[in-house]
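In what follows, a structure is listed as structure tokens, so that the remarks can point back to it.
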Amino acid sequence: MNKRFELLDRSLAYDGFFRIEKYRLRHGLFDGGYGPELTRELFDRGHSVGVLPYDAVRDEVVLVEQFRVGALEDPRGPWLMETVAGMVEEGQTAEQVARRESLEEADCRLGELIPICDYYVSPGGSSEKVAVFCAQANTKGLGGVHGLADEGEDIQVHVVSFDAAMNMIETGVINSAMPIIALQWLALNRERVQDLWGDD
């Protein structure tokens, strides 16, 4: 098994709202040696963070709804139900991003954070990696429209019961990876999280 690769050339193909790099490379084969030269484009947008605020006392989660250009052709339309999320800026930790975005997108202050996982969004063509958290929250009084106007954000905040959120997965209302991963993790760990954060 040869788990090496050779980078033959790297160039910038596009630099706008996002960045695309073009690579020429070849990589090792499981049977040994190297495969043929490949040309690949890589979508480079940095790394991101997703957080699912959870009120263990009320058994409620905070979800956000916003327009997503990638879902323009979706039969339900391009407004998706998601977790709070944002891009990692230089010098910030994933935990800091989770707290910043929760305030900007949902006016929600977070307590303790539990890391869920880190995953690659689409490693066949993108370098983006997502850190996902479940966060202690108080959902009382949350809701409304939030986001930063100078970033073009128009975000509707929804506070829903855990059962209602899981039903949104089953019915296809929630149809992107980040909230599905976060909610399924909570489904597996809900009793433990309620013991940690629930009302004494």
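The values are calculated or read from the model by the stated rules, or taken from the named source; none is laboratory data. Since this is a predicted model, take the numbers as computed values, not measurements. Counting neighbours? That spans all protein chains shown, and the Cβs are built from the backbone with ideal geometry, glycine included.
Any residue at all in the range 121-136 that's over 17 Å from the mean Cα position of the chain (by Cα) and among the acidic types (Asp, Glu)? Scanning the range 121-136, I find no residue that is over 17 Å from the mean Cα position of the chain (by Cα) and among the acidic types (Asp, Glu), so the answer is no.
Condition test on Val69, is it in the same structural domain as Ile155 (by TED's automatic domain parsing), of a type in the set (A, V, I, L, M, F, W, C) and modelled with pLDDT under 95? So Val69 fits the description; yes. Taking the range 104-114 as the range and being surrounded by 20 or more Cβ atoms within 10 Å (Cβ to Cβ) and either more than 14 Å from the chain's Cα centre (by Cα) or among the basic types (Lys, Arg) (or both) as the test, the residues that pass are Ala106, Cys108, Leu110. Tyr54 meets each of the listed conditions (1) of a type in the set (Phe, Trp, Tyr); (2) surrounded by fewer than 17 Cβ atoms within 10 Å (Cβ to Cβ); (3) assigned by TED's automatic domain parsing to the domain that holds Ala135 apart from (2). For the range 1-83, the strands (runs of 3 or more DSSP E) that sit wholly inside it and include 3 or more residues that are under 22 Å from Val130 (Cα atoms) are 19-27, 38-44, 48-55, 60-67, 79-82. Give the range 22-54 a look and list any residue that's of a type in the set (Lys, Arg) and in contact (Cβ under 8 Å) with a residue 60 or more places away in the chain, or say none. Across the range 22-54, the qualifying residues are Arg40, Arg45. A search for C-beta distances below 6 Å between a residue of the range 57-74 that is among the polar types (S, T, N, Q) and any residue that is in a strand (DSSP E or B), counting only pairs 6+ apart in sequence or on different chains, returns Gln66/Ile155.
Within the range 80-103, the set of residues being touching a residue at least 24 places away in the same chain (Cβ under 8 Å) and either polar (S, T, N, Q) or surrounded by fewer than 17 Cβ atoms within 10 Å (Cβ to Cβ) (or both) comprises Thr83, Met87, Glu95, Ser102. Within the range 115-140, if we keep just the residues that are modelled with pLDDT of 95 or more and loosely packed, with under 14 Cβ neighbours inside 10 Å, the residue that is farthest from Leu38 (Cα to Cα) turns out to be Lys140. When we screen Val160, Val130 for residues that are in contact (Cβ under 8 Å) with a residue 60 or more places away in the chain and under 21 Å from Asp55 (Cβ atoms), the only hit is Val160.
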